[in-house]
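Below is one structure, written out as structure tokens, with a few remarks after it.
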Amino acid sequence: MRVIGLMSGTSYDAVDAAAADLRLDGDTLRLTPLGALGQAYDEGLRAELAAALPPATTTLETVCRLDTGVGRAFAEVAARADRELCEGRAELVASHGQTVFHWTENGRVHGTLQIGAPSWIAERTGLPVVSDFRSRDVAAGGQGAPLVALFDTLWLRGRPGRPVALNLGGIANVTVADGGRAYDTGPGNALIDAAVRHVTGGRRAYDAGGALAARGSVHLPLLDRLLAEPYYARPAPKTTGKELFHLPYLLAASAGLGPLRAEDVVATVTALTARTVAGAVRDCGGTEVVASGGGTRNPVLMSALAAALPGVPVRTSDELGMPSAAKEAYAFTVLGFLTAHGLPGTVPACTGARHARVLGSLTPGAAPLSLPAPPPGAPARLRLAPDPGDGARDAAPGAVA
């Protein structure tokens with residue numbers, strides 16, 4: 001089955017698409033990457049989205065407008081991916097949508113909202129669309145995240161030691177490849193991006209190349225305050241988001257510390273990400289880190305992470321054949337494939353759900369909806385076939401999956 005996966009992460013700056021040919025060969029799911037592309041959100045849409053996200057308040061009118069605007073943006077990227085990556089022969093679209101709220105109280109997730117109406121994608125492409133992946137896991141008692149845990153578990157199974165998959169998006173998350181643990185470690189790029197926008201007056205959206213952090217020094221009193229966040233001490237499974245880690249949170253932590261150099265603030269929140277991720281890797285006995293996401297393009301962050309994990313190799317997923325900028329989009333091709341075949345898309349031990357569940361809702365395309373027959377069993381491993389393309393074409397600058 002030829003599937004397009006669509007993803008926009010917690011940095012809400014672009015829509016990423018990946019296309020793959022997927023087929024089950026016994027208990028092995030074989031994925032042939034067909035390439036990936038990214039397209040930045042229209043500036044107006046991005047600004048409206050940013051203005052509506054927590055801790056801001058919003059209206060149902062704005063939510064409706066954003067649901068439509070994001071749906072249209074995803075639809076255009078899906079059509080482009082079908083045309084440029086699939087030669088017009090895609091069979092299914094798997095759309096994560098744009099997370100706008102993850103309702104967490106006292107360590108339990110009560111609901112989650114991803115917008116980007118799938119009807120726009122189905123209408124634009126004529127293809128059936130799987131969407132709203134996270135809600136079913138939440139309904140089954142899970143955290144609804146990280147859904148990439150199933151992909152990571154299948155893909156890294158069999159590697160020596162105890163490899164840990166790391167996604168450095170707006171929020172960082174880890175998956176231990178033995179399938180027993182996966183959770184959000186805390187901020188990935190969220191506080192770095194917030195700090196950069198604040199100290200540059202909005203002229204920069206992220207710390208390109210880690211340039212600001214490289215010129216700064218870690219402010220230890222601020223770092224200590226940030227590390228005192230109770231979330232880090234909570235047991236897994238757990239999830240978090242920009243509902244917690246946002247600019248007002250950082251400003252509150254900085255209060256009373258006197259004037260801080262802009263570069264020092266960015267260096268400090270970069271160190272926070274490295275310290276909290278490294279702590280999570282040590283806690284789960286990780287022997288190797290395989291990183292993906294936009295944070296892998298920040299050499300200061302990656303160097304700090306490696307320094308905090310002596311003796312533990314820190315490499316990117318590119319080294320194992322999976323483009324780091326598109327890994328989550330590829331993961332959603334797998335989740336969409338599993339849903340279409342009636343197979344569960346979660347690892348209950350990772351999300352905390354009572355049971356593994358088939359994920360998502362299906363929106364029919366132009367033709368009558370016809371799903372493949374369920375196979376005898378779920379895949380036990382994922383294997384990548386050689387990539388006939390370059391794997392990550394036209395990725396939007398600064399895009400974070």
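The values are calculated or read from the model by the stated rules, or taken from the named source; none is laboratory data. Being a predicted model, the structure only gives us computed values, none of them experimental. Quick reminder, even Gly has a Cβ in these numbers, built from the backbone with ideal geometry, and neighbours come from all protein chains shown. The protein model used for the area step is the full one, side chains on, heavy atoms only, and it has no ligands, DNA or RNA in it. Shrake-Rupley method; radii C 1.70, N 1.55, O 1.52, S 1.80 Å.
Model label sites at residue 50 and residue 224, defined 7 Å from Cα along the beta-carbon direction, differ in position by 3.4 nm. Of all the options 379, 364, 160, the one that moves most in a Gaussian network model of the chain with Cα springs shorter than 10 angstrom is 160. About its Cα centre, segment 152-230 has a charge dipole of approximately 200 debye under the convention of +1 per Lys or Arg Cβ and -1 per Asp or Glu Cβ, with nothing else charged. The residues of the chain expose on average 39 square angstrom of accessible surface per residue, using a 1.4 Å probe on protein heavy atoms.
Need one word for segment 75-143: rounded, prolate or oblate. Basis is the Cα gyration tensor (sqrt eigenvalues a ≥ b ≥ c); a/c below 1.5 gives rounded, then a/b vs b/c decides. Note, shape of segment 75-143 comes out prolate. Name all residues of segment 1-45 having a backbone nitrogen under 20 Å from the label point set 7 Å from the Cα of residue 65 along its Cα→Cβ direction, giving them as ranges. In segment 1-45, the label zone of residue 65 (backbone N under 20 Å from the point 7 Å along Cα→Cβ) covers 12-14, 41-45. Which one of 92, 260, 250 has the biggest mean-square fluctuation once the chain is modelled by GNM with Cα springs under 10 Å? Among 92, 260, 250, the largest GNM mean-square fluctuation belongs to 260. Amide H contacts of residue 316: 291, each under 5 Å away and 5 or more positions distant or on a separate chain (H built 1.01 Å from N in the peptide plane; Pro and chain starts excluded). Close amide H contacts of residue 381 (hydrogens built in the peptide plane, cut-off under 5 Å, sequence separation of 5 or more or a different chain): 29.
Of the DSSP H helices in the chain, those with a Cα length along their own long axis of 15 Å or more and a mean Kyte-Doolittle hydropathy reaching -0.5 comprise 60-85, 262-283, 327-340.
Along the positive direction of the dipole of segment 54-175 (beta-carbon charges: Lys, Arg +1; Asp, Glu -1; about the Cα centre), which of 54, 73, 125 reaches farthest? With unit charges placed on the Cβ atoms, the residue in question is 54. The Cβ shell under 9 Å around residue 176 holds other residues with a net charge of 0, Lys and Arg each +1, Asp and Glu each -1. Annotation: amide H-H contacts under 5 Å for residue 111 (H modelled 1.01 Å from N, sequence separation of 5 or more, or interchain): 103. Treating each Cα of segment 1-115 as one equal point scatterer and applying the Debye formula with no solvent, the log10 of I(q)/I(0) at q = 0.09 Å⁻¹ comes out as -0.30.
Per-residue surface analysis assigns residue 1 an accessible area of about 50 Å², computed on protein heavy atoms at 1.4 Å probe radius. Along segment 13-27 the Karplus relation, 6.51 cos²θ - 1.76 cosθ + 1.60 evaluated at θ = phi - 60°, assigns HN-Hα couplings of 10, 7, 10, 9, 10, 9, 10, 8, 8, 10, 8, 8, 10, x, 9 Hz to successive residues, with x for each Gly and Pro. Which percent of the accessible area of segment 1-128 is formed by carbon and sulfur heavy atoms (probe 1.4 angstrom)? Summing carbon and sulfur atoms, their accessible area is 49 percent of the total for segment 1-128. Can you classify segment 80-190 as rounded, prolate or oblate using the Cα gyration tensor, where a ≥ b ≥ c are the square roots of its eigenvalues, rounded means a/c under 1.5, and otherwise it's prolate if a/b beats b/c and oblate if not? Here segment 80-190 falls in the oblate category.
On full extension, the segment bounded by residue 157 and residue 76 gains 25.6 nm, given 0.36 nm per residue less the C-alpha separation.
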